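One structure below.
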Amino acid sequence: MAALLIVFAGVCGGAAVADPSKQDWARLRMCESSDSYTAVSADGKYYGAYQFDLPTWASVGGTGLPSEASPAEQDYRALYLYRMRGWQPWECSLKLGLTPDTDAASRRVPTTADAAYIAVPIWPGKVYLAGDCAPALAIWQQRMATFGYLFRSAGCYDGATRQAVHDLQAANDITITGQLGRLTWKAAWLGNPPLGVG
């Protein structure tokens, strides 16, 4: 029986053209919190992936503790803050050399759709190998489908998945192991695109 060919449709983000790139946001999160949405600073004053203090969080409509908010909520509040004050609230922006653009301090209140582009789906914490099946694999496959890869088994690590993993690792100077781990996961959104479908 012929296998059903599954093709994922890419979804375009709704962010304003002027907003910072997802790479800049990812670099900021890595510097601020090691990209942990549940992080709390040692002194207990700063919370979440963007290390909000509570007055700043409240100033952009946040309630409760930032570190207990969903990643999507934290991303939205971070973009809101950026549009109110530019990169100024984050010390890491200076260390990283992030430069403001035309949306910095524009005071335009973002929509939820505006902020949706910021997030890179969180690595599920498992290294996937040939034969593995999991819902998270379908998320990674969906991203790789935007580069032209076709997968016969949504959510299962098959031959097409192995080829996509190898190509992505090669394009990003990741040791080619065929293992879909943290670096290969993030490279699908933040790294160099694969050179082509093998």
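So what's the net charge close to PRO55: Lys and Arg +1, Asp and Glu -1, counting the other residues with Cβ under 14 Å from its Cβ? List each step's numbers first, then the result.
Details: positive: LYS45, ARG77, ARG85; negative: ASP53.
Its environment carries a net charge of +2.
Within the shell defined by Cβ-Cβ distances under 15 Å, the residues around SER93 carry a net charge of -1, with Lys and Arg each +1 and Asp and Glu each -1.
In terms of its alpha-carbon gyration tensor, the chain comes out prolate; a/c meets the 1.5 threshold, and the first ratio a/b outweighs b/c. Just check the range 101-149 against the gyration tensor rule for me: Cα atoms, a ≥ b ≥ c as the square roots of the eigenvalues, rounded for a/c under 1.5, and otherwise prolate or oblate depending on whether a/b exceeds b/c. Verdict is prolate for the range 101-149. Within the accessible area of the range 42-147, the carbon and sulfur atoms contribute 57%, probe 1.4 Å, all protein chains present. Identify which of PRO71, PRO124, PRO20 has the largest mean-square fluctuation in a Gaussian network model of the chain, with springs joining Cα atoms closer than 10 Å. Maximum fluctuation in the GNM of the chain, among the listed residues, is at PRO124.
Using a cut-off of 13 Å between beta-carbons, work out the net charge of the residues near ALA138 (Lys and Arg +1, Asp and Glu -1, ALA138 not included).
On the way: positive: ARG143, ARG152; negative: ASP132, ASP158.
Spelling it out: positives minus negatives among the neighbours equals 0.
Entry comment: accessible area of the range 27-168 is 48 Å² per residue, from protein heavy atoms only and a probe of 1.4 Å. Taking only Cα atoms, what is the 0 to 90° angle, nearest 10, from helix 22-33's long axis to the longest principal axis of the chain? Approximately 60 degrees, to the nearest ten. Rounded to whole numbers, the Karplus 3J(HN,Hα) couplings from phi for the range 153-170 are 10, 4, x, 10, 7, 10, x, 5, 5, 4, 5, 5, 4, 4, 5, 5, 4, 5 Hz, using 6.51 cos²θ - 1.76 cosθ + 1.60 with θ = phi - 60°, and x at Gly and Pro. Using 0.36 nm per residue and subtracting the Cα-Cα separation, the extra length available between ALA72 and ALA105 on full extension is 9.8 nm. Between LYS126 and THR146, residue separation times 0.36 nm minus the direct Cα-Cα distance comes to 4.9 nm.
The values are calculated or read from the model by the stated rules, or taken from the named source; none is laboratory data. Predicted model only: the values in this text are computed from it and were never measured. Backbone-built Cβ (ideal geometry, glycine too); neighbour counts: all protein chains shown. The protein model used for the area step is the full one, side chains on, heavy atoms only, and it has no ligands, DNA or RNA in it. Shrake-Rupley method; radii C 1.70, N 1.55, O 1.52, S 1.80 Å.
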